[in-house]
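Since the structure comes first, as structure tokens, the remarks are kept for the end.
The values are calculated or read from the model by the stated rules, or taken from the named source; none is laboratory data. On a predicted model such as this, the values are computed, not experimentally measured, just so you know. All Cβ positions, even for glycine, are placed from backbone atoms using ideal geometry, and neighbour counts span all protein chains on display.
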Amino acid sequence: MLRLLRGLKKNLFDKGQLRKYLFYAVGEILLVMIGILLALQVNNWNEHRKKQALITSQLINLASSLRSDSMMWSRAIDVNEFRSSSFQYLLEKSGLPFNRLPELPKADSTFIWQGPYPDSLNNEFIRKSYSWFTRGFDNIVIDRTAMNEINNLGLYSEIQNDSLKGKIHDYYMFIDFQFSETNIQTRINREIEFHDYLRDNFGVRSTFFEWENRQIEDPLAFIRNDQGVIFRLKEVMQTANWHCLQAVKAREMSHEIIALIESEVKK
């Protein structure tokens with residue numbers, strides 16, 4: 001096409017038809033400009049398509065990270081619901097007053113206790129309760145791999161779905177505030193102190209796997225007769241209850257984001 005125009009232009013120039021020559025010269029320039037603009041448009045379209053594909057890929061990775069978080073939140077809920085409920089059971093059976101705490105979700109069966117909690121005295125349930133006096137808050141590990149990559153690639157601002165972007169922001173702000181390393185370590189330190197109190201005053205040891213209570217003939221009297229144990233048991237019960245409620249909220253937030261991502265990638 002350009003070759004044809006050049007030939008026509010030369011022919012007009014040779015014949016002295018300046019006006020027509022200028023007309024075709026301008027036409028040639030416009031044609032080149034249109035070609036450049038079309039090439040830029042195609043390139044921009046390709047770049048946009050590549051970026052959207054990358055965003056979709058990263059959102060899929062984020063959904064995978066959030067599913068991992070959800071499993072972790074479920075375990076935290078199971079652990080701390082059992083701890084809060086079983087410590088309340090111990091206080092009730094010991095005849096000690098305490099403030100009622102918010103209701104917690106109870107699964108029919110967990111890895112700690114299968115089936116409903118007992119209403120009457122149950123030595124196995126008491127033993128399980130004692131086993132979880134400490135170490136309820138050190139299993140929070142947030143999977144930030146996908147979110148860190150999204151931020152490093154500068155893709156967060158490129159997410160077009162404002163609702164999705166807002167919920168992602170809210171989720172990580174919430175867990176950074178409620179489950180920060182400092183907050184978790186503070187709770188762990190309090191449990192370590194409880195562990196040390198039991199060890200130093202009663203020569204027993206609470207571990208992740210068992211409660212060494214062979215020296216305690218009456219485990220309920222053991223609670224009832226020591227103000228230090230009562231105070232610490234109430235404190236841990238309240239903290240476990242609060243921790244469980246926050247984990248429930250975090251899990252709900254993660255599920256909302258996963259649902260939005262699944263809807264987004266199907267578009």
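For segment 96-135, which positions are surrounded by 13 or more Cβ atoms within 10 Å (Cβ to Cβ) and of a type in the set (S, T, N, Q)?
T110, N122, S129, S131, T134, listed by residue number.
Report whether or not L260 is aliphatic (A, V, I, L, M), surrounded by 13 or more Cβ atoms within 10 Å (Cβ to Cβ) and at pLDDT 95 or above.
Yes: the conditions hold for L260.
Which of the residues that make up segment 87-111 are over 14 Å from A240 (Cα atoms), of a type in the set (D, E) and in a loop (DSSP other than H, G, I, E, B)?
Within segment 87-111, just D108 meets the criteria.
Keeping to segment 120-150, report how many residues are modelled with pLDDT under 90, closer than 18 Å to E81 by Cβ and in a loop (DSSP other than H, G, I, E, B).
9
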